[in-house]
Every structure is written in structure tokens, then in C-alpha cells.
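Worksheet: one structure, shown below.
Taken together, the values in this text are just the output of simple stated rules run on the coordinates, not laboratory data. All values reported here derive from a predicted model rather than from experimental measurement. Here the Cβ is made from the backbone with ideal geometry for all residues, glycine too, and neighbour counts use every protein chain on show.
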Ligand SMILES: Cc1cc2nc3c(=O)[nH]c(=O)nc-3n(C[C@H](O)[C@H](O)[C@H](O)COP(=O)(O)OP(=O)(O)OC[C@H]3O[C@@H](n4cnc5c(N)ncnc54)[C@H](O)[C@@H]3O)c2cc1C
Ligand SMILES: Cc1cc2nc3c(=O)[nH]c(=O)nc-3n(C[C@H](O)[C@H](O)[C@H](O)COP(=O)(O)OP(=O)(O)OC[C@H]3O[C@@H](n4cnc5c(N)ncnc54)[C@H](O)[C@@H]3O)c2cc1C
Ligand SMILES: Cc1cc2nc3c(=O)[nH]c(=O)nc-3n(C[C@H](O)[C@H](O)[C@H](O)COP(=O)(O)O)c2cc1C
Ligand SMILES: Cc1cc2nc3c(=O)[nH]c(=O)nc-3n(C[C@H](O)[C@H](O)[C@H](O)COP(=O)(O)O)c2cc1C
Ligand code: FES
Ligand code: FES
């Protein structure tokens, strides 16, 4: 069930410049949160900025009732968010959106993420592992320090490979090249992906080439986050027909092939 | 000279519920500030609330370059201000406005203040004492705990008497009754006053009855604080003619008799 | 529990009559910001609201404008949804039953391209049970055909409203566009043609530029400005119209608290709508009802009707 | 100091031409928000500004409206100053010399009650040295006589502008009211009558209610809304007008940064004015000039004129 919670911040750290990990206590949200869902955060009591900001769920600790998000400071809202301190409270709405689905017979999954897009895949990887699915996470970043979620994956003992734009670690190049390199050998049943649209467009091509199903997580500017305003429309193809879907409630997770990418 | 300073907060205390003393480092403002002048503070970087908030100067420590204001939380702006911590910075514009004048031969002055209106009189009392003027400060408040500035006056050894609405300390009644009680005996040369308008209206009557000159400090909603917007108009009588004066630059200090009080 | 004394409180009366629609209280939720009600079911008891005003409904389904459709602005937001909706038939079959079952007071917001569209919509909805009234959007700035024209020309307003009144016995609230020189003349035209109440304001036409991209942010170029930023404009128009017309007014534009709601009521609104506020605080409508109730109690006002228009000079 | 190498920077060209008025850069300060310049002398070098547009000036002195005259609103403020000013004679004798001596580019904002007032003002100022142009306020919503009427009726706009053009050889910028259904038709009327440039927008008519007092906050009841809240409305009007008329536009409404300024320029403004922003940050105008310069350098744009209207589709 979706809730508004006044969440107590218990951890807030700048991991690398402008990338923050934020953990807060929100028991109701933590209880129901599934991988791929997001929270919608009000970063100020002021009327400016007015709207909430959406962030994918990066991790959940059900025992203590905490939710973690991983975000990058890109504008005014995320800047204000980054100034919050531990022990302060934050107005959080969630869990929202359609989660990743986990096909019943899923055996081997590959998770392809770029930049902060990796965030929701980390929680997914954890849940998949708990369900005994074999998981390979492919992480792409600009440079070695900026591989979101690698530490937590290491800690959880989840297989992962990396690529960096500058070659400072792992493959020099794009994470989709990494996917192409290993996809033949690994016989994945399912692909999950989240990141920049060009990356996901390429993931779509590769998936279709190899005939593998999968899901993508999208972003669009949002107002309500709960399906009421129709502000977050994205073009999708369903049953061969183009229409607008709501990223907040029809998504943010969509099937590979449903999403229309524009060059 | 008027300046915008990014002032470091060095002290910020809630003296009694909703009444705060706030000291910050603003060397340029501290250097030039005179009693009766005010500072114009921006309480947020957000666009809401948009305008600065004016506060009288309560004290100045020239040696360390600090300015102190004393304020009451009455609305959104003062609420936000009250959440600032020591070591944070505040955007302060000042010193602004026409200060209290100190007549050359002034010997015995009485300062009549009510509520937070006492704030600017405290700095005035200090400067008058330094100039060897004999000072009597009359403080009015709702109850014993809410006599603004009494501690600092005690510390500085400045004569003062108090009245409270509930009689919990000093005279039970209005501070203007206190003034009436002592004015005959004390032979004051000059009256300074700041506080609620009905109080200052009564001070005006008493001053005129006894033929004593003096000055009042007024409030009006302000935008610019520097005489540009004409938003802070107040009706005054000068040379027998009514006109609008700007509280921010023609005031906030006006001569007794100039100000038109409405019943 | 006899030892737990309940504080003696005189009951305050919040109910108002909006041109023939009886509302439990003056707090409604604005069309296009509350979906069809079920989106908010975790946050608000729909039967506690004065009314639920549903998303703008058209004869045929509409797919709306391409994205981006919204953008945040200082103290507000722009939207160019383009009246996306599944059409009146789907509304009646799929959304209306839910609202009826929840016991909501239902007001249906309608929009069309032609005078005939409006009349046909009114006729179709006239037959449906559980609908308390119609709100007629003659002012949506996001549809290229019609829309803007209707709302800005008194003669067209009369024609549209008269056509609707002929087709339905439901109370008709006409929702006015703020993008006009003289709101009073439009209001009078609507009343002359039979409007039972007026709703104002719809969004203010605006736009935003993507500086890095050197193009308008919204695919539709222009959008409607809503939220706290427009409150002073909305209050002004309610005040101007309330002075000059006799039908009740549903006031809206930037309401974020019971104090904002009271500004509209004192300016002459009989009821108010909360729009953009629902996006920021999904439980705001119910909170505003509670706060209004408390405000009245604390101020010893027994009936909210005493406050309607009390600030008009 | 030969070892302190200055970073090699190509000079960017910020100068623009506003209907015959050459401006060093597109950043001016809006009428009524910058007094007569001297109020800001500690904060801004007046000769660095594109232009100083002085407080609205009338033939005779005006004492303005009674207080309260201003009230803060979400992301903005309302004002009802009522054109308080000492009259054109005092302006010429007491304020003009200071601005001339400081080397400011001076634009005088004028307002009147009648077509004759405007023409007379234009004639008087035509003879004065150091005035670069006139900005004609046909849209002040705070004056009961005239004001509003002029700005909302195309025929009256033509008459006023034609009268002014006959009385002066100075470039004439006509400042439009946003409180109209069709800003483009008003703009075209002004241009037809000879306007050398257009200035938009003036404040949007609004009001606020004092809930506890149950009365309007402003003594004048209505006031003009300014500040960031109105930016989307202002950008929209600049865009609409820029598409349709050939004279340059002075854009304003809620500018608080160089990015806001660029929104207006990309929407079609040749220059911009900062108004309410001066109250919040008294040194904002000079800061925006610096930031614009840096923005152009960083983006390799050699001439700001390349950006004017670049977002128009
Ligand atoms: C479902 C979903 C999940 C997301 N998860 C994450 C995450 O885990 N970590 C992370 O760092 N970011 C995530 N984002 C993006 C994040 O919401 C934006 O970076 C953030 O809203 C920017 O706000 P701002 O005020 O700093 O930026 P500004 O650019 O100042 O914001 C202005 C407006 O644009 C919107 N906006 C800006 N960028 C985006 C964007 N990419 N997507 C949607 N709206 C945007 C803002 O919400 C706001 O309304 C997610 C977005 C969505 C839709
Ligand atoms: C010259 C001057 C000196 C002042 N000195 C002091 C002082 O030393 N200590 C102190 O506690 N207060 C002082 N005040 C009053 C103080 O400025 C207001 O209490 C404060 O601005 C309220 O802001 P708010 O946002 O909390 O209230 P809100 O009511 O939310 O403010 C809304 C608007 O009203 C204005 N406003 C509200 N009350 C007043 C007021 N009394 N005078 C002027 N504008 C007001 C605010 O500035 C703001 O624009 C002074 C005012 C003036 C003009
Ligand atoms: C996303 C969005 C969609 C809207 N859709 C409609 C609509 O379909 N029909 C209508 O009459 N008004 C529509 N409106 C206008 C609102 O009902 C309301 O008049 C306006 O937003 C002002 O109120 P607010 O400031 O509280 O949002 C919409 C507003 C928003 C923000
Ligand atoms: C206090 C105040 C006084 C104003 N006086 C005038 C005036 O005398 N003449 C005029 O043409 N515009 C006047 N304006 C309008 C501004 O010049 C400007 O058009 C408007 O405020 C929008 O810009 P902003 O949002 O940057 O303030 C005034 C605005 C304010 C806030
Ligand atoms: S954000 Fe409102 S419908 Fe998706
Ligand atoms: S506050 Fe602007 S003139 Fe006084």
C-alpha cells in the first residue's frame, strides 16, 4: 500500500563527488517495496521547488524498516536533498510504480546498468539472489570511482563485471559492448536494464537479436507519481499499437520492445 | 555604507519560547551601524518566501564585527530564520534606515519600549550611556519572562523599570502608565520609543502634554529596504502637510508628532 | 470510558450549496489533478470530500499531447496534457461505478470541440445515476481546436452553455479561463445563458524554455500554469466576479492550505477546488477539511456560509 | 607580471540594439524597482547596466496609494504603489543630472491619464539631454483613471502611441499589459502606430486577502503581481509577440538569474529588465551581466544576438 511517511534519515553519505547514498526509516514503505519501484520525495517545506522528486529504490532492510536510495546531484532539488542531515526527517511517498517482474522459471538473469541507473538494479540483484536466480550484473560508468553499487554488490557476493569510458577499470568502452561480449557464452534467460536511453535502446537491439525477453526501467518528469496527472507520458507499443503509457504507474518498468526510443 | 554580507552566525538562542537572539559576523555592517537602523535578512535561497525580512539592530560589537538582532517568531520567515544553526551563513543587507538622532545637549533620556519593539532601544541605550547621557529604559511585556533586553541592560548597568500586563513583575499595566508615573519627577529632555502602534500613539500624547521632543521607530511591510520600491509608505505630517514617507529610508525613526496614528 | 472527557465542542456547519449541488463541505478536488478518484484511495476518503471533480471527459477517447507534458516553474508547474482521456463511454462503464460505490459526490468535467459536442456530452451524462453536476471546461488552453476560443468570447460562451442547459437537468458549473481581458463579462455571459455556478480559474497560459536545448520545454510549446504562483490572480478573479454575479463560485488556483481556501471563500467563493496541491501532498484535501473545521471552531464561527464573500468591499 | 598568464579569452559581444537605443548589454533594470538609480549606487555601477529605466513619471506629482502597498505572495509579490512620483519637472531637475553624471544609459518610463498627458510628457523629455529613450506605461493597473483602459484596447493604444511619436524624436518603447485576451493584437497596434520596441510584461493583476482581518490586504484592493511566479506567463507572451512583430522586445517578469534572462532572449527578447529581483539581491543586475558573459564564453557564442529568438519554432 502506498503511504506518505515522515522518514527519519539514518545515513547520508557522499560516496564520490555528487553521488549520495541516503538511508531513511520508512517501515510501511520498506515492508511493501519491490525491486523496480520508486519513492517520491519532497525536498522542502517551501513552495519552491514545489514538486516531489522520484528516486528508484536501491536497497531495503526489512528488519529495521529502512529504504535506501542512491542519487546524483543534477539540479536544485537534488542539491537541496543533499543538504539534509542524519536525524532530520524527509517527506517520502511510496512505494510507487510497477516493479520488475520475476518470471517463474527464471534461472540466469543479466542486469545491465549505466550511471545512477544502476540504483534499482542493485535491489533487484539482491532479491533475485535470495530467490536463487543466477545473477550477473554489468555496470557501466565514466571512470573507476563512479561505478554505482559495486561495493554493495561485492559485499553481497553478487557476480558483476564493469566497463568504464576511460578504461580505468574493466572493459574500456560501453556497458552494452560488455553485454555483447558475454551474452553468447552465458545463455541468459532474461535481461533487466536501467540507465541512459541510448544505452537501453542498444540493450533492446541486442536482446531482440538474441531473442531474449526482458525489462527496462524508464524516467520521465513527474508531478503526482500515482497515475493521476498524466504528466509522465511515454510512447509505448502494445499489441502493435502506439499509445501513451504513464511511467509512474504503467511503469517505470516496461517490457523490452514496448518502449519507443527516438534517435 | 550599505552592504550585502554573507554573515556567519556565531550565536543563536531561544531566550523564551518564540523569542530569539541572533548574533552574526558582518564587519562592514557592524562598523557603520547606528542605533535605530535595521538589517534586511534573506532567510532562504529558495524563491519562496521571496522577500527579505527587516529587523532592528539590537546590539553591535565593533571589536569582533558582530551584529545582534532580537526577534519573535510570528510567521513563515521568522520560523525559517529560527531553524538556522551556529556556523551557518545568512545573507544580510545593512545597515539601513535613518538612525535615532542624539541631540547635542541631551542630558536625560527616557526610552519606552514594548514587546520586541524594545530591541532597537537596547543598542540606543548602550550608545547613549557611552556618550554619558543619563538613561532610563522603560520596558513593557506581557509577563515577567518576556521583558526583552532586560538581561543585557542589567549586564551593562543601565537603569530600567518594567511593567507587565499580568503584574508578575514591576508595575501591573501598560508601559505608558509607567511613563506617566515617573515623567513628572524625572525631567527628561527627550523620549525615544518603539513598540506597538497604540503604545506609541499614547507616548506621543504624553510627550506632547509635557512638551518633550522625541522620536519613534515604525514598522511597515518592506520589499527593497533601500528606498527604491516605495512599498513601505506611511502617512506623516511635515510642515503641517500630510504626505507619504518611506519607512525604510525616511525612517524607521520619525520625530514624535510627525507620525499619523489611526485609531 | 467515562473518565476520558471529550472536549465540549459545538458542531460547526461546513455544508454549502453550489448552484443546486449540496456539498458536505466546500473542499473539492480539481479536474485533471485527481484522476478518477481511485488513484487517491489510500490517502483520502472519497465520501468525505465536498466533491470529486473527475478528469476532463470528451465524447471520443483522446490520446493527449506528446511528452514532455509538464515542467516545474517557480511556485508552480506548467502542464500540456492535452485532455488525454478514454472518452465518456469508458468513463461511465469503468470509472463511474467505483466513485458511486465509494459514496463520492461526483461532478463530471466535460470538454468538446464544438457546441454540439458539449450538448451531446451533457445529454449522455444526464441519464447516469450518481452524478451531482457537470463542470464545463470552456477554457482548456491545450487543445488546438475550440478550447481557447469558447472561453474568451462571451457570445460563444453563451452558445455553449445554452446548448448544455437544453440537454441536461443536472446543475451546470461553467469553468472560466483566466486568459481574458475582462473576466466579468465572460462570467455574466455564462450566467445569462443559464449557468448554475461558475468555476474559476483554469490554468494561466504560460511556457518555459529549455536553455541548453534552445527550445520550448513542452512538446506542445505552451502549457497551463497552476499552483501557488497563480493564487493572487485566482483570488482577484473570484473577487471581481463575486461582486458582479449572483450564482455561487467554485474557486481554485494554488490552494495549499485551509488559509488559502479561506482567502477564496472570503473573496466570494462558495466552495473551492484543490488541484496541484494533490500532487505535492496526496492527503491535502482531507487535511484542509479538518483544518477548516478547527479554524471555524476556534473562531466561533458556526456556519461557513457566514464567511462567503465577507472580504468584499 | 609576466608569470601570471591570463587565460586567453575571446571577447564576447553582449551589445544589442533596442529599437534605436544602443545598449552595452541586454540587462536593464525595470521601472519602479530601481528608483532613480542612486538608491543602488553601493551595489551596481550604473554605467555597466544595459540601461536604467526610471520610476514611472507623470506630468504632475502623484502621492500614490495609501498603505499597505505591498504584500508577499508565493514566489512573488503584489504592489499597489499607485505611481507615486514627484512629477516630470522634479525628475528633470533633481534626478536626471545624477544619472547623466554616472554615465548611465537612461530610459524614462512615462504614464498619464490622457492621450494629451502622454504627448506632453514626451514633448518635455524630448528636449532633455542624456535620455536614450522612452518607455511608455500604458498598462499600470494601479491607477484608477486611464491606465488599464489604454493597455487593453488596440485603438486606444494606437492613439496614445501615435500622439507620443508626434511629440518626440526619441525611440519609443511601448510597455504592454499582460491582462489581455490577445497580447499579439495589442502589440501589433502599438507597432502600427510607430512603436520602436515593445516592453513586456507589466505586472499581472492580482490580490490577496487578510484572512484574520477578513479584508483585502492592500488598501487599493488590487495590485500588480511580479516576481518569479509570473515568469512562465511573461516568457509565453514574449514568444507569442516575437513570432508576430518585427520590432525588438524588452522582456521581463520574474528574472532572477542569467538562465532566466536567457529564457527570455531565446523566446525572442532583444534585451531584458530585472524588477523584483533587485529587491531580493540589490546587486543582481551586475551579477546577471557577468554570468551571461561567462555563459556565452563557455558555450563559444561570440555574439548574444545569435540567441535572440533561437527557441522560436
Ligand atoms: C522512476 C524514476 C526513478 C529515478 N531514480 C533515480 C535514482 O535512483 N537516482 C537518481 O539520481 N535519479 C533518479 N531519477 C532521476 C531524478 O528523479 C532526477 O535526477 C531528479 O528529479 C532531478 O531533480 P533536480 O531538482 O535536482 O533537477 P532539476 O533539473 O532542477 O529538476 C527540475 C525538474 O525536472 C525533473 N527531472 C530532472 N531530471 C529528471 C529525470 N532524469 N527524470 C525525471 N525527472 C527529472 C525534476 O523532478 C524536476 O521536476 C529517477 C527518475 C524517475 C522518474
Ligand atoms: C524596520 C523594522 C524593524 C523591525 N525590527 C524587528 C525586531 O527587531 N524584532 C522583531 O521580531 N521584528 C522586527 N520587525 C518585524 C519583522 O520584520 C516581522 O516580524 C517579520 O518580517 C515577519 O516575517 P514572517 O515571515 O515571520 O511573518 P509573515 O507574517 O509570514 O510575513 C509575511 C510578510 O509580512 C511582513 N511582515 C510581517 N509582520 C511585519 C511587521 N511587523 N513589520 C513589517 N513587515 C512585516 C514580512 O516581512 C513579510 O513580507 C521589524 C520590522 C521593521 C519594518
Ligand atoms: C495536470 C493538470 C491537468 C488538468 N486537467 C484539467 C482538465 O482536464 N479539465 C479542467 O477543467 N481543468 C484541468 N486542470 C486545471 C485544474 O482543474 C485547475 O483549474 C488548475 O490547475 C488551478 O488549480 P491549482 O492551482 O490548484 O492546480 C488541470 C490542471 C493540471 C495541473
Ligand atoms: C514595486 C513595483 C513598482 C513598479 N512600478 C512601475 C512603474 O512605475 N512603471 C512601470 O511601467 N512598471 C512598474 N512596475 C513593473 C515592473 O517594471 C515590471 O514590469 C514587473 O515588475 C515585472 O518584472 P519583475 O517580475 O522582474 O518584477 C513596478 C513593479 C514593482 C514590483
Ligand atoms: S506522474 Fe502523474 S500520472 Fe505519472
Ligand atoms: S521598502 Fe522599498 S522603499 Fe521602503
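Taking each residue as 0.36 nm, the span from residue B:181 to residue B:132 lengthens on full extension beyond its C-alpha to C-alpha distance by 15.2 nm. Distances between copies of residue B:151, taken at a point 7 Å out from Cα along the Cα→Cβ vector and listed shortest first: 4.3 nm.
Across the range B:3-96, C-alpha contacts under 8 Å between residues 6 or more apart give a mean separation that, scaled by the residue count, equals a relative contact order of 42 percent.
Against the main long axis of the alpha-carbon atoms of chain C, helix C:115-126 sits at an angle near 40°.
Between B:173, B:141, B:157, the residue with the greatest mean-square fluctuation in the GNM of chain B (Cα pairs under 10 Å linked by springs) is B:157.
Mean partner shielding of peptide B:208-221, defined as the number of other chain Cβ atoms within 10 Å of each residue Cβ, is 1. Which shape class, rounded, prolate or oblate, goes with the range B:108-214 when its Cα gyration tensor gives a ≥ b ≥ c as root eigenvalues, a/c under 1.5 marks rounded, and past that a/b bigger than b/c marks prolate? Oblate shape, in that a/c is at least 1.5 and b/c is the bigger or equal ratio.
As a ratio to 2.2 N^0.38 Å, the alpha-carbon radius of gyration computed for the protein assembly as shown takes the value 0.99. Compute the label zone of residue A:107 within the range A:205-249: residues whose backbone N is under 19 Å from the point 7 Å along Cα-to-Cβ. Once the point is set 7 Å along Cα→Cβ of residue A:107, A:210-214 turn out to lie under 19 Å by backbone N, inside the range A:205-249. Between C:259, C:83, C:99, the Gaussian network model of chain C with springs among Cα atoms under 10 angstrom shows the greatest mean-square fluctuation at C:259. Protection proxy ranking of C:123-136, C:193-206, B:72-85, by the mean of other Cβ atoms within 10 Å over each peptide's residues and highest first, is C:193-206, C:123-136, B:72-85.
The range D:14-59 and the range D:248-313 have Cα centres spaced 14 Å apart.
The label point for residue D:214 and the one for residue A:64, both projected 7 Å from the Cα toward the Cβ, are 5.4 nm apart.
Between helix C:183-192 and chain C there is an angle of about 80 degrees, using the helix long axis and the longest principal axis of the Cα atoms. Our helix-only sum for chain C, with -39,500 (n - 2.57) per DSSP H run of n ≥ 4 divided by its residues, gives a mean residue ellipticity at 222 nm of -8500 deg cm²/dmol.
Computed from the Kirkwood radius of its Cα pairs, the Stokes-Einstein diffusion coefficient for the range B:3-96 at 20 °C and 1.002 mPa s stands at 165 µm²/s.
For chain C, what class follows from the C-alpha gyration tensor (a ≥ b ≥ c being the square roots of its eigenvalues): rounded when a/c is under 1.5, otherwise prolate if a/b is larger than b/c, else oblate? Rounded.
For the pair residue B:86 and residue D:63, label points projected 7 Å from Cα toward Cβ lie 5.2 nm apart. Would you mind telling me which residue in A:13, A:174, A:98 has the biggest mean-square fluctuation in a Gaussian network model of chain A, where springs connect alpha carbons within a distance under 10 angstrom? Most flexible of the set in this elastic network: A:13. Counting, for every residue in C:34-40, the Cβ atoms of other protein chains within 10 Å of its Cβ and taking the mean gives 4.
Shortest first, residue D:42 label-point distances to identical copies amount to 5.3 nm, with the label point at 7 Å from Cα along Cα→Cβ. Label point of residue D:299 set 7 angstrom out along Cα-Cβ; within the range D:214-256, amide nitrogens under 20 Å from it belong to D:231-240, D:242-243, D:249-256.
Annotation: Cα Rg of the range B:167-238 relative to the compact-globule expectation 2.2 N^0.38 Å equals 1.37. Across peptide C:171-180, the average count of Cβ atoms from other chains found within 10 Å of a residue's Cβ is 2. In this calculation the C-beta distance from residue A:189 to residue A:165 is compared with R0 = 35 Å, giving a FRET efficiency of 0.75. Helix D:231-244 axis versus longest C-alpha principal axis of chain D: approximately 80°, rounded to the nearest ten. Based on Cα contacts under 8 Å between residues 6+ apart, the range B:108-214 shows a relative contact order of 31 percent.
Between this copy and the others, label points of residue C:301 are 5.0 nm apart in ascending order, each placed 7 angstrom from Cα in the Cβ direction.
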